[in-house]
Structures are given as C-alpha cells and as structure tokens.
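Q: Input: one structure, supplied below.
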Amino acid sequence: MILGTLITDGSSRLMTTADLLAADDRCHRCGFYSRDWQPARLQPNEALRLAVDTGLMSTEDDPGQTAGDEVMTLAADRGLDVTGSPYESAVHHAALSDIIVTVLRERKAPYTRPADAKGKSLTWVSSAFLAASNVRLEAVLLVDRWNEDRKWSVLHSWRVLGECAFYEQPMTLTVVLVGQRREGKHSSPWSKGWLHPRSRTLRIRKRTGEGFGGEWKPVWREEADHLSRDLWLDTMREDGVMPDVVFDIDVPAPCPEYAAKVRHLAEKKVTALHSTVEKPDPNISVCSWPTKCPFLDCCWEFHEPSEASGFITICH
Ligand code: SF4
C-alpha cells in the first residue's frame, strides 16, 4: 500500500494525496520532488490555508484567534517566502485567517477529517472534512478570484473530484474569496474597509454601489486596533458583502462507474510517481503559473532540494 506522506517539520503535517497528485499534474518533476521535500519557508497563501484548517478543527473557545496564532507560529517556525516584510505579511494573514474562521465556525462545530480511504494500491490521505451526517464531505477553498473557468477547474481537481471519488460522497464546497494580493495584502472586504476620519464610521461598501471619495480613508483591518472583529463583521453584513465573499457550492457524488475511473487514475498516477527513479524533465512553462512552484529556485539555479538549500524532508 502506498501511504500518504508526513512532513517532519515538528508540527507533523500531512501531505495529502490530493496535493501530491496536483503537484504531479502540474509537472512530473514537481511531483517527484514533492514525494520527499517541501520548502521550509511557506508561501503566505499556504500559511493562510494551514492556519484556516487549524482554526476550523480547533476546539478552543476562539477558533479565529487560534487560526491567527497559527499564522504567527508558522511564520516564526518556518518563515514566509515574501519579498517585503515577513512580519507585516504574517500580521495581515493572521487577521485574515482569524475573521474567516470566525465566520465559518459560526455555521459549524469543529470540522473533522474523514478516516483515510483505502484504494486497491493506495491509502488516500484526505484534505477534506466530514459533515456531521457522516455521508457528505466538506471543503473550504480560499481563492483570490472566482469565475466560471475557475469553478470548473476546481470541480475537476483532486481536492474535489478525487475526494468525492474515493469516499463516494457528495461535497459541500465553501468558497471564500480573499481578493487579489497586491504588495503582500489581499484586498477584499475581509481585510480592507473605509473609515471616516471625523465620524470614525467604518464602511465596507456603499449600498448605492458608489465608490468612496471625499474624506473616507482606506483602512486595513490589522492596522485598526480600535475596530473590533465583531464590528468589522457586523459592518460586512450591514453593507451586504457577505454573500459575495463566502458561498457554498453543492457538488454531487460522482456515479459509481465514474468514481471507479477516477480512483483508478489516481492509483495509476501515484504508483508511477513512487516508482520513478530518474528525475523527470522540467515543464518550464508552468514554473510560475498559476502560482510559483515551490521548487522554482532548484530548477532554475540547477541544484537539488536539500536541507542546506532550504527544504524539509518528508518521511513515508
Ligand atoms: S520549477 Fe518548473 S520545472 Fe521545476 S518542478 Fe516546478 S514546475 Fe517543474
């Protein structure tokens, strides 16, 4: 049986089967390296994703705070792969994870993972959550933008289709729009509002649809200590932005024949990946798109991943 992989970074994080397959889909060399290595420094979006997962599964009284603390811990322990200030990036993403988890946990008790699914030749390590009914999966997807192309790309991904095929269950996919990242910050109602300097009124969006002019000044949530999380969330609701930035998609379970084909494909790909001995050729056109490949420096500076070059090992 081929098992999922465990990253020995001190916090025992699982590399899920869906993530391994996605790396291999991007580029066989990326999949090959991902069997054994992960960069020590995290992309801010990866830190955000890990922290949101931690907050969703937390049993603490304030899971939002737990998520925010997790970003700061990851930034301190692993470091963030940013060009600007790592501390500013950590604080921004901590505030973002805090408010997102607070909203999601208002709708649901702690999220839990399903048990690993057994295939013929592989154990599927899940990246999804199990609904309280035990007959439906759930997943939370953080995206910078959303359109029809993105939707179909997600519905055909290993994190959605692969999970549904291995568990033969439907899924509630919760999409959270965090906005595009510019100069290290995601610009969306979760993070950015408008403050009137004299009345100290916070607004997120004008109900008339107009922009903010005059004396209104932009304000980032992490920079406004006097604006509580509750006030920010109340303003998001009053200004009617919540349905635009968090919504559910109902993904039906694939029919048994289709699910079997997807499982067969996954097993074939993972088996081939684990039996690959020679480093695959690079796929240079996907090194920086749609996101920066974690092994970009290795390939473009002609060296192998190692602890000396800033990677941590994964044990099997
Ligand atoms: S940097 Fe490019 S060639 Fe290298 S593993 Fe990543 S996608 Fe493949």
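Q: Express the relative contact order of the stretch 190-238 as a whole percentage, based on alpha carbon pairs under 8 Å and six or more residues apart in sequence.
A: On the way: 49 pairs, mean separation 20.5, N = 49.
Result for the stretch 190-238 is 42 percent.
Q: Also, I was wondering about something else. Hey, what's the chain come to in accessible area per residue, 1.4 Å probe, Å²? Numbers along the way, then the final one.
A: On the way: 15960 Å² over 316 residues.
Each residue of the chain exposes 50 Å² on average to a 1.4 Å probe.
Q: Now for a different question. For the stretch 190-238, which whole-number percentage of the solvent-accessible area (1.4 Å probe, protein heavy atoms only) is attributable to carbon and sulfur atoms? It would help to have the intermediate numbers written out before the result.
A: Details: 1340 of 2930 Å².
Answer for the stretch 190-238 is 46 percent, counting heavy atoms of protein chains only.
Q: Let me ask you something else. Rounded to a whole number, what % of the accessible area of the stretch 59-175 do carbon and sulfur atoms account for, probe 1.4 Å?
A: Working: 2590 of 5230 Å².
About 49 percent, which is the carbon plus sulfur part of the accessible surface.
Q: Considering only the chain, what is the antiparallel percent among its DSSP beta bridges, to the nearest 5?
A: Working: 27 of 36 bridges.
Among the beta bridges of the chain, antiparallel pairing accounts for roughly 75 percent.
Q: Kindly provide the helix-only [θ] at 222 nm of the chain, computed as the sum of -39,500 (n - 2.57) over DSSP H runs of four or more divided by all residues, to the nearest 500 deg cm²/dmol?
A: On the way: 11 runs with 120 residues, N = 316.
Mean residue ellipticity at 222 nm (helix-derived): -11500 deg cm²/dmol.
Q: Between the alpha-carbon centers of the stretch 52-107 and the stretch 210-281, tell me the distance in whole angstrom.
A: Value for the Cα centre distance between the two parts: 15 Å.
Q: Relative contact order for the chain: what is it in percent, counting Cα pairs under 8 Å that are at least 6 residues apart?
A: Across the chain, relative contact order equals 25 percent.
Q: For the chain, would you read off the P(r) tail past 32 Å as a percentage of all alpha carbon pairs? All intermediate terms of the calculation are to be shown ahead of the outcome.
A: Numbers: 15329 of 49770 pairs.
Within the chain, distances greater than 32 Å cover 31 percent of Cα pairs.
Q: How many nm is it between the label spots at residue 57 and residue 283, if each spot is 7 Å from the Cα in line with the beta carbon?
A: Here the answer is 2.8 nm between the modelled labels.
Q: Could the peptides 242-251, 29-38 be put in order, highest first, of the mean number of other beta-carbon atoms found within 10 Å of their residues? The partial results should precede the final answer.
A: On the way: 242-251: 14.3, 29-38: 21.1.
The packing order, highest mean first, is 29-38, 242-251.
The values are calculated or read from the model by the stated rules, or taken from the named source; none is laboratory data. Every value quoted in this text rests on a predicted model; they were computed, and no experiment measured them. Note: ideal-geometry Cβ built from the backbone for every residue, glycine included; neighbour counts use all protein chains shown. Side chains included, ligands, DNA and RNA excluded: accessible areas come from the protein's heavy atoms. Shrake-Rupley method; radii C 1.70, N 1.55, O 1.52, S 1.80 Å.
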